[in-house]
């Protein structure tokens, strides 16, 4: 068991803690921290980063809550479609989303950034809140109504307080994602609107100001840890305070004013589909009307050879890297989950700490991690920095927390006495795992695999930092194409985005067919 | 033969089982009887190998099992709520232990059929376990545990989750199955009836220790101390004197041939006082219908006592009654 725990924790130590610690040290020893903190521009960056994250979180909450109501409380045909449809934005590659909003709002700006960030995270709010909402005992609301409370009053005084833990937890995670959002801000903000995340990237890659970048990473890390702690506190309250009920009892046909909420929810879903549709249209339009020029161009290297690889090669690279990353993340995530479940009953403190530690990579910016790799991993044998293995390793780090979040709740829900029954019947620990855990959690493993694969496929932040131009993945190629002039490059980027999106949608649909409830709950 | 020597189990600072010795001979059924939280289930889990004892040894035929993991002990375990594998049908559940031992398919099918027959579920093999009633699930759990012919069967409150009528039926069935298979078994329960129906010997547990071990009738008649007596249903304990098989106390006198002579402490269960022509007078303050008798609360002026009366002609609340001792409801302490 200790050996099994060492695997994910060791990976976390080498490929996360060490690089991030090196960044922190660089920030302090390079004299960067003092200079950066004294700079007024830094505080403008901080204010803008937090401000846009707060605004995006608010928009995501406002849009997500009606959808959560629809998913949790309404027995209506088509909620299965809604459940899958809202998940699509969450797993879309950030560059794809950035590009989609650029095609909608060509002037970009703060509004585009906020909307794009919110667009991503509606699913997090809706699915996390719905997860709790569908289990909250409806009879407390019925009691309030019987005591004379109006429907609105019941919602504000009974339902909303019951949902607070889930809303708080979702808000913390969304805030985290928005504050460290990279691809979207880079594509939509340009030089005018910069966040800590994009500034770290610019300082490292373009200005070669490593101490300055490290100092900024440090600032960001502090914000992330604060948000994670807030989320953990909210999660704990949820686990202890609720009397939960099965889902079937709480869903019913909406009545009266509830239809208005349902209408808003459907409107949100429709709005979520707009950028996606816009993207597809743009990929098909050429100078002379509709055409497939962008798709044909994928065979080449772009306008005047903007790329070192063809679009097709990039796609193959993406598939290869994402496969490696997924396998690694699945191994690490499943082992970590098994360890957490096995230790869970005896040592709750330790498990809680490990659980939170394993979630850290979810929040710490991928750019920080990628940057950390560049300054540490040359110490390892074989110089990983120039190795092709580096990108899958970084992607696995980003994806593993998602695997854990999907697998762990399912393993936790298996009654331990079922395993003990198998053991007393003569099953060795390994056999118990094969005969009990795998059959019962199998679908969630499959779903986690698919989900991890999709996220790895679209990973942009760390990959763009680490990948070499001749082995670029599709999202990196898209990012590069839109930063180069030439109409053909734009068309090619839209076409690549559409392909990436189609693969994503297909995999998400597949996951939803597996009917695993806990996808994307935090 | 199972031999538990000076076992202690701790959860952090809490000592759940403290220095317990117990033996189960081949073919014998022993019940661990005690209130909830007395450590009886923990002791059972330590025997199964699911808890690591802080001290002490579990031996089978003299061999220390300390280093034998759960799956190699060959002990079957039945939980309170079945814990059937939801992804397997009834036959798949019963066959599980046989598969783990590599029993050939033909033999497996035959054994599963034999066991389902034994627990009264012949023909249920292809059913989904989620479709079964609670009682049927417990029967499947029993068949599953017995299928690989365990050296020892451990039963953890096997009937507690069932409703009363079902529990009594299943207790009789379980008793028949255990005897016919000659099973060696250790049973945990908080229910006296269950313990006395099933067990050859009863060990009464309290606060992590065993306070008394003996044949059911011994334990029932001669609880070792006042607390054990109270747990076994004696609501009142009074001073009494026995001379030549006749016990005398404040409620009168009655023949008790098995009682030793001398000054004793006498425990009275509600059935120990019956409405009839005794020396004690009192007023009925409450009455409750049970299935085959009426329970009364009677105020004698000096004490408030429990008593019983026949269903026909039971006195109303407020009626004056006379109470007499009934030897079936008496216990002598010590």
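With a Cα-only, solvent-free Debye model of the protein assembly as shown, what are the log10 I(q)/I(0) values at q = 0.06, 0.08, 0.10 Å⁻¹? Taken in order of the listed q values, log10 I(q)/I(0) reads -0.57, -0.86, -1.11. What is region A:414-461 by shape, rounded, prolate or oblate, if you read a ≥ b ≥ c off the alpha carbon gyration tensor as root eigenvalues and call it rounded for a/c under 1.5, prolate for a/b larger than b/c, and oblate otherwise? Judged from the Cα gyration tensor, region A:414-461 comes out prolate (a/c at least 1.5, a/b above b/c).
Going by Cα centres, region B:5-22 and region A:409-447 are how many Å apart? Distance between centres, Cα-based: 29 Å. The convex hull defined by the C-alpha atoms of region A:52-187 has an orientation-averaged projected area of 8.7 nm². Taking every C-alpha pair closer than 8 Å and separated by at least 6 residues, the mean separation divided by the residue count of region B:2-221 gives a relative contact order of 30 percent. Gyration tensor analysis over the Cα atoms of region B:16-159 returns equivalent ellipsoid semi-axes of 29, 18, 13 Å (largest first, whole Å).
Compactness of region B:227-333, taken as the C-alpha radius of gyration over 2.2 N^0.38 Å, stands at 1.04. Between residue A:296 and residue A:509, the modelled labels are 2.8 nm apart [label points 7 Å from Cα along Cα→Cβ].
Rounded to the nearest 500, the 222 nm mean residue ellipticity of the protein assembly as shown from helices alone is -17500 deg cm²/dmol, with -39,500 (n - 2.57) taken per DSSP H run of at least 4 residues. As a calculated quantity, the FRET efficiency between residue A:323 and residue A:6 at R0 = 25 Å, using C-beta atoms, amounts to about 0.50. The base-10 log of I(q)/I(0) for chain B, evaluated at q = 0.07, 0.08 Å⁻¹, reads -0.37, -0.48 [Debye formula, identical scatterers on Cα atoms, solvent excluded]. In a fully extended conformation the segment linking residue B:246 and residue B:63 would gain 61.0 nm over its present Cα-Cα distance, using 0.36 nm per residue.
With Cα atoms defining each centre, region A:130-196 and region A:249-323 are spaced 26 Å apart in the structure.
Between residue A:350 and residue A:413, the C-beta separation translates, for a Förster distance of 25 Å, into a calculated FRET efficiency of about 0.75.
Compared with the dominant principal axis of the Cα atoms in chain B, helix B:164-180 is inclined by about 60°. Given a Förster distance of 45 Å, report the FRET efficiency between residue B:181 and residue B:322 from their Cβ-Cβ distance, rounded to the nearest 0.05. For residue B:181 and residue B:322, the calculated efficiency is 0.35. Across chain A, C-alpha contacts under 8 Å between residues 6 or more apart give a mean separation that, scaled by the residue count, equals a relative contact order of 25 percent.
Look at where the Cα atoms of region B:96-139 and of region B:307-334 average out, and the two centres are 48 Å apart.
Across the residues of B:90-101, average count of Cβ atoms on other protein chains within 10 Å? Mind dumping the intermediate values first?
Numbers: counts 0, 0, 0, 2, 0, 1, 7, 6, 2, 5, 9, 2.
Per-residue shielding by partner chains comes out at 3.
Against the empirical 2.2 N^0.38 Å (N residues), region B:132-185 has a Cα radius of gyration ratio of 1.09. Angle of helix B:90-100 to the longest C-alpha principal axis of chain B, folded into 0 to 90 degrees and rounded to 10: 60°.
Here the contact order of region B:227-333, divided by its residue count and restricted to Cα pairs under 8 Å and six or more residues apart, works out to 30 percent. For a paramagnetic label modelled on residue B:302 (point 7 Å from Cα along Cα→Cβ), amide N atoms under 12 Å away belong, within region B:243-270, to B:249-252.
The numbers here are math on the coordinates, done by the rules we state, and not lab data. These figures come from a predicted structure and were not determined experimentally. All Cβ positions, even for glycine, are placed from backbone atoms using ideal geometry, and neighbour counts span all protein chains on display.
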